[in-house]
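Report on the following structure.
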Amino acid sequence: MLNDDCLLLICGELSIRDQFVLLQLEDARLGHLILDIWKRKYGKQFDWHHYHEEEQLKLLSAREQSQLLHHMANRTQALLNLHGSCSEVCLDWLSRIRGNRQCLPRMLKMSFRECNSLLLRQLPEICINIVHLQLGWGVGLKPADLGILFGQLKQLTVFELHTKGSRNHNGHGNRSDYNYNCVDDNDNDEDYSWTNIKYGQTLQTLKLPACIVRATAMEIHQLPQLRQLTGFLCCCSASTESATPSATLPADDKANAAGNEAATNIISACLQALHGCQIVGLHLQCQLDASLPRLLLSGAQTGAVRLHRLAWHSQLTVHYDAMDGSIKWLPQQPQVAHALLPFIASQAKSLHELDFTRNIHATPTFLTKLAKLLPRYRSPALDDDDDDASTLSPSSSLTPISVWHDNCSRVSTATDATETNDLAFVDLELQRLLNEHGQDT
């Protein structure tokens, strides 16, 4: 008879489906080994979508998948990419937990590919200690649902709400994804207004559709611990006629213009609402127009923008002609790159790093102009084998600004799957919030 160590090695090499089948044999020895393997291997996190896409879970029935999810939920600190509002598996699992009056005190992080009102109202009863929650958009979601969520999750530090148009979970996107109503704001009751939503006071990272950022900017600026704010550019954000994000996408030929205005709107709202706070990090991956750099430059002049890091990844629109198979890549207007130069120059004293990877506008001409504007310019592409080499003179005591671009020999080829050219967002890193400033005085 094999000892436990041998069985542990053998079972550890099996697929998760085969391990589940062994668990169903109700053999106490095997069951204990399988559950021990899962606790060790998935104790930090378990990505449901990853194993589902690899066909390992699709061969199991919905009831069996629900049982597997129940086992994993009791042995991991993070469940990722669950199908929250439409999956029979997830709904059955939630019903089982609530029916047994159970909770998951070890669960710290959860992400759902979509959600609904019922999920948001049940989740705080089950995962009372969750600190990181990521939600995909769902039909009928209301401000009151999020208000209840924030009111009950007292330890929540990271919250993300992604729309269908803002993020595509497989890393690929399409502008047709923007054809939806961004938020459901048809209730006339003030208690259900997005402008009156109350965020959790423990939030440090907040990632929302840009229209919600704009509508709730005044509430956001009161968050005492907020350090990162991201707006995903849903095209309805371009509507300036309403303070509530209830507009729908314009025609396809207006999508780029809407995205441009959305980028400007979110930063404008932040500059107006986050007074007493400095923006020290800016990450842009969206269609821009020349008005955005001008807006940023005005913010720099008032001291609201004092960047340590700036990343700009150009958002390309790809048009495929099915008739002849041709592909057209439409970059941003060339004046955008020219308009960014004065703003970058205004940040020369505080900047430590510039990231222009995945940006076709970072041409040699652009980089040459940039080098003339920044006395501390240092491109890793120009470094020799000596890690201390730079474009500064040997006698210079200034800390160089690292400038990364696609021609850099040391640029990592491993990019975040969520940061593709199909994802449009504006990300702000914040410092010295208004209430902190008040405490200092």
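Observations on the structure shown:
- Complete set of residues in the stretch 1-40 that are open to solvent by 30 Å² or more (accessible area, probe 1.4 Å), part of a helix (DSSP H, G or I) and free of Cβ contacts under 8 Å to residues at least 12 places away in the same chain: Asp5, Cys6, Leu9, Ile10, Asp18, Val21, Ala28, His32, Arg40
- Residue check for Ser397: modelled with pLDDT under 90, open to solvent by 70 Å² or more (accessible area, probe 1.4 Å) and not basic (Lys, Arg): yes
- Taking the conditions (1) over 20 Å from the mean Cα position of the chain (by Cα); (2) on the phi < 0 side of the Ramachandran plot; (3) open to solvent by 70 Å² or more (accessible area, probe 1.4 Å) in turn, His50 satisfies each one other than (1).
Every residue, every condition in (1) open to solvent by 10 Å² or more (accessible area, probe 1.4 Å); (2) modelled with pLDDT under 85; (3) more than 21 Å from the chain's Cα centre (by Cα), yes or no:
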| site | (1), (2), (3) |
| --- | --- |
| Gly99 | yes, yes, yes |
| Pro105 | yes, no, yes |
| Leu108 | yes, no, no |
| Phe112 | no, no, no |
| Cys127 | no, no, yes |
| Gly136 | no, no, no |
| Lys142 | yes, yes, no |
| Gly151 | yes, no, yes |
| His172 | yes, yes, no |
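- Filtered residues of the stretch 338-353 (kept if assigned to a helix (DSSP H, G or I) and open to solvent by 20 Å² or more (accessible area, probe 1.4 Å)): His338, Ala339, Pro342, Ala345, Ser346
- Cross-chain or 6+ apart pairs with Cβ under 7 Å, the stretch 95-121 first and charged (D, E, K, R), then in a strand (DSSP E or B): Lys109/Ala78; Lys109/His132; Arg113/Asn81; Arg113/Leu82; Arg113/His83; Arg113/Gly136; Glu114/His83; Glu114/Gly136
- Among the residues of the stretch 84-97, those that are out of contact with any His (no Cβ under 8 Å at 6 or more places or on another chain) and open to solvent by less than 60 Å² (accessible area, probe 1.4 Å) comprise Gly84, Ser85, Ser87, Leu94.
- Residue check for Ser268: hydroxyl-bearing (Ser, Thr, Tyr), at pLDDT 50 or above and either within 30 Å of Thr202 (Cα to Cα) or open to solvent by 30 Å² or more (accessible area, probe 1.4 Å) (or both): yes
- Look at (1) out of contact with any strand residue (DSSP E or B) (no Cβ under 7 Å at 6 or more places or on another chain); (2) modelled with pLDDT of 90 or more; (3) not β-branched (Val, Ile, Thr) and you find that Gln45 fails only one, number (1).
- Evaluation of Leu292 against (1) open to solvent by less than 20 Å² (accessible area, probe 1.4 Å); (2) modelled with pLDDT of 90 or more; (3) over 21 Å from Asp406 (Cβ atoms) (one fails), failing number: (2)
- Residue that is farthest from Asn265 (Cα to Cα) [pool: residues in the stretch 196-217 that are open to solvent by 10 Å² or more (accessible area, probe 1.4 Å) and in a strand (DSSP E or B)]: Thr205
The values are calculated or read from the model by the stated rules, or taken from the named source; none is laboratory data. Source: prediction; values computed, not measured. So basically every Cβ, Gly included, is an ideal-geometry build from the backbone, and we count neighbours across all protein chains shown. SASA here: full protein model, heavy atoms, side chains in, ligands and nucleic acids out. Shrake-Rupley method; radii C 1.70, N 1.55, O 1.52, S 1.80 Å.
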